[in-house]
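Okay, handing you the structure first.
The values are calculated or read from the model by the stated rules, or taken from the named source; none is laboratory data. Everything numeric in this text was worked out from a predicted model, so none of it was measured. Cβ sites come from the backbone with ideal geometry, for glycine too, and all protein chains shown count toward neighbours. Surface areas here come from the heavy atoms of the whole protein model, side chains and all, with no ligands, DNA or RNA. Shrake-Rupley method; radii C 1.70, N 1.55, O 1.52, S 1.80 Å.
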Amino acid sequence: MNDLTAKVWFVGAGPGDPELLTIKGQKLIAKADAILFAGSLVSQTAMRWAKQDCEIQDSKGMDLDAITDWLIERAKQNKIIVRLQTGDPGLYGALIEMVQPLDAAGIEIGVVPGVSSAMASAAAGVESLTLPEITQTVILTRTEGRTPMPEGESLHELAQHHCTLCIFLSITLLKKVQTELLAAGWHKDAPILVVHKASWPDEEKIIHGTISNIREKCRTEKVNSQAMIIASPTLGARQWSELTKSRLYDKNFTHRFRKAEKIQEKIS
Ligand code: SAH
């Protein structure tokens with residue numbers, strides 16, 4: 001780990017299962033003198049790999065200044081510090097707000113990406129977020145709550161693309177999600193996947209529904225936090241009888257690493 005010279009590392013812990021931490025993240029946690037973790041979802045990941053004498057603190061209840069002061073104070077003592085965040089640190093993680101005060105204090109930082117809950121939720125449901133000729137685009141978004149959405153990014157505007165939508169931070173706003181998808185022309189019976197605590201052993205809940213019944217299903221399952229909402233024309237493709245196959249594995253399709261069989265035949 002000679003390349004890892006930074007003092008404060010923002011590490012993506014992954015969606016919850018400690019085994020979904022990256023190897024680089026695991027090495028940094030094992031090396032850290034202090035770990036500040038965000039929320040209960042990642043605490044087990046920190047505990048599993050940290051040194052015995054590592055200072056481990058939950059940032060719950062700390063505001064931004066308290067967090068950056070905590071990190072700066074320890075960095076100045078020449079410690080290796082990990083700020084452990086759920087999923088990937090670059091998605092809804094206030095990364096830049098934390099990085100700027102560290103930059104101002106002249107502290108070297110590094111970021112280690114993580115498996116986002118969007119990917120873990122698709123994996124939990126054995127879904128592909130893209131499918132040939134169905135959609136080749138994924139939008140990671142949220143509905144407007146206390147954080148206002150920038151112009152042109154309301155859910156009904158984004159949903160007009162009819163591509164895959166991974167909707168974060170919105171499980172308590174399912175009614176709004178329904179209304180906006182319908183306003184964008186989605187059919188009321190279009191499939192919706194909700195995954196609560198994706199990848200968490202024994203706690204993951206997978207709810208298959210439609211735009212019209214997903215709220216009721218989530219209510220019945222008591223899912224009202226830590227959940228990903230996926231709306232996509234690809235959902236349920238595992239059961240489709242007709243599927244346009246990806247050209248990636250098509251024997252008549254040549255790409256950089258594999259020559260098409262026909263060409264190979266001509267050559268030989
Ligand atoms: N950086 C994180 C997102 C943090 S915002 C990431 O990349 O996943 C928090 C939101 O992420 C939650 O409201 C929920 O929508 C989603 N989320 C985080 N962990 C989750 C999990 N294990 N299962 C489902 N959704 C999760």
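Return the only residue of 96, 72, 35, 67 being assigned to a strand (DSSP E or B) and either more than 24 Å from the chain's Cα centre (by Cα) or free of Cβ contacts under 8 Å to residues at least 60 places away in the same chain (or both).
Numbers: 96 fails: assigned to a strand (DSSP E or B); 72 fails: assigned to a strand (DSSP E or B); 67 fails: assigned to a strand (DSSP E or B).
Being assigned to a strand (DSSP E or B) and either more than 24 Å from the chain's Cα centre (by Cα) or free of Cβ contacts under 8 Å to residues at least 60 places away in the same chain (or both) holds for just one of 96, 72, 35, 67, which is 35.
A follow-up question, please. Exactly one condition in (1) away from the ligand (no atom under 13 Å from the Cβ); (2) open to solvent by less than 40 Å² (accessible area, probe 1.4 Å); (3) under 30 Å from residue 141 (Cβ atoms) is false for residue 74; which is it?
With respect to (1) away from the ligand (no atom under 13 Å from the Cβ); (2) open to solvent by less than 40 Å² (accessible area, probe 1.4 Å); (3) under 30 Å from residue 141 (Cβ atoms), residue 74 is out only on (3).
Return the residues of region 177-202 that are surrounded by fewer than 15 Cβ atoms within 10 Å (Cβ to Cβ) and modelled with pLDDT of 95 or more; say none if nothing qualifies.
As a first pass, look at region 177-202 and keep what is surrounded by fewer than 15 Cβ atoms within 10 Å (Cβ to Cβ): 183, 185, 187-189, 201-202.
183, 185, 187, 188, 189, listed by residue number.
Related question: Read through the list (1) within 14 Å of the ligand (Cβ to nearest atom); (2) in a strand (DSSP E or B); (3) among the polar types (S, T, N, Q), then give the number of the only condition that residue 43 fails.
Against the list (1) within 14 Å of the ligand (Cβ to nearest atom); (2) in a strand (DSSP E or B); (3) among the polar types (S, T, N, Q), residue 43 comes up short only on (2).
So, one more: For region 175-206, enumerate the residues that are more than 18 Å from the chain's Cα centre (by Cα), within 16 Å of the ligand (Cβ to nearest atom) and either assigned by TED's automatic domain parsing to the domain that holds residue 14 or closer than 23 Å to residue 126 by Cβ (or both).
Listed by number, the residues that qualify are 177, 202.
Starting from region 8-23, take each residue that is aromatic (Phe, Trp, Tyr) and list its partners that are open to solvent by less than 20 Å² (accessible area, probe 1.4 Å), counting only C-beta distances under 6 angstrom and pairs at least six apart or across chains.
9/28; 9/82; 9/110; 10/83; 10/89
Same structure, new question: In region 85-109, what count of residues is obtained for those that are away from the ligand (no atom under 13 Å from the Cβ) and not aliphatic (A, V, I, L, M)?
Counting residues in region 85-109 that are away from the ligand (no atom under 13 Å from the Cβ) and not aliphatic (A, V, I, L, M) gives 6.
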